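The structure appears right after this line, and notes come after that.
Just so it is clear, none of the values below were taken in a lab; they were calculated from the coordinates. Being a predicted model, the structure only gives us computed values, none of them experimental. Because the Cβ atoms are built from the backbone with ideal geometry, glycine has one as well, and the counts that use them run over all protein chains shown.
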Amino acid sequence: MSPLLKDFLNKRIVVITTEGQCVCATLEGFDNSTNLLISQVKNRVSGEKIASSYVLRGNQVVCCGLLEDSANPELDLASLGVAPLKDTRNYVPNEHVVWQHVWAKKQQQTLHTSSDTNT
Amino acid sequence: MLFFSFFKTLVDQEVTVELKNDIELKGTLKSVDQFLNLKLDNISCSDESKYPHLLSVRNIFIRGSTVRYVYLDKNMVDTNLLQDAARREAMSSRK
C-alpha cells in the first residue's frame, strides 16, 4: 500500500493528467494503483467547475501536488496567459509518411531482387 | 527492487525530475515506493512562466510511470557499485 498520498487526504490538490488536463480538487481517496477519488473538481486555469466528484484512473495521473496557498486560494492563472500542458504521449509527427518511405524502399528492393533472379 | 533501494539511498537529496510531458521539477526527494512513485518537497518548475500550474505547490507526488528522467548529481551515485549490484541482481534472477 502506497502511503505516499496519505498526507494529501482531504486536502486541496492539483492533479495533472496524461491528457494535459490540470485540475484542482479535494482528495477523498486513493488506492495502490493511484486511482484517485476527488471531489469539487475545478479547472486549474479558468477556475470553472468540472464536476462535484470524480474517479480518476491511476494510469491517467501524472502528478498531484498539495496546494498550500491559504492566502490566495485560487490564484488567477487565467490572466497570466498560460500555455496548455502537453500530454505524455510520445508520438512521431507525420508517422505515416515515414512508413510510406519504408514501404516504398522495401518494394524497390523486392523488385531488384526479382529482376536479378530473372536475368 | 534494486532501483527502489537505490532511490531510497537518495532520500533528502536534491534531484531534478523530467516528466513525459516535458515539465522539469527540481526538489528534495522525500520518499519512494515500489513503483518508483516519487515524492518531492520544495519543488520549483524550471519553466515557471510557461507552466505556472504548480506555482503554489511545494509538496508533490509524481507517478513513477510518467517520469522520463531523474537527473542526479555526479557525486550522489557510485556508478561502479551500482553497476556491480545491477549485474548481481541480473545473475540472481536468472537462476
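So, residue B:68, is that one touching a residue at least 40 places away in the same chain (Cβ under 8 Å), within 14 Å of chain A (Cβ to nearest Cβ), of a type in the set (Lys, Arg) and closer than 22 Å to residue A:34 by Cα or not?
Against the criterion (touching a residue at least 40 places away in the same chain (Cβ under 8 Å), within 14 Å of chain A (Cβ to nearest Cβ), of a type in the set (Lys, Arg) and closer than 22 Å to residue A:34 by Cα), residue B:68 qualifies.
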Quiz prompt | Pairs where the first residue, in the stretch B:27-53, is more than 10 Å from every other protein chain (Cβ to nearest Cβ) and the second is surrounded by fewer than 19 Cβ atoms within 10 Å (Cβ to Cβ) and not in a strand (DSSP E or B), C-beta under 6 Å, 6+ apart | solution = B:29/B:10; B:29/B:11; B:29/B:13; B:36/B:64
Quiz prompt | Output for the stretch B:63-77, where each listed residue is of a type in the set (Val, Ile, Thr) and under 19 Å from residue B:5 (Cβ atoms) | solution = B:67, B:70, B:77
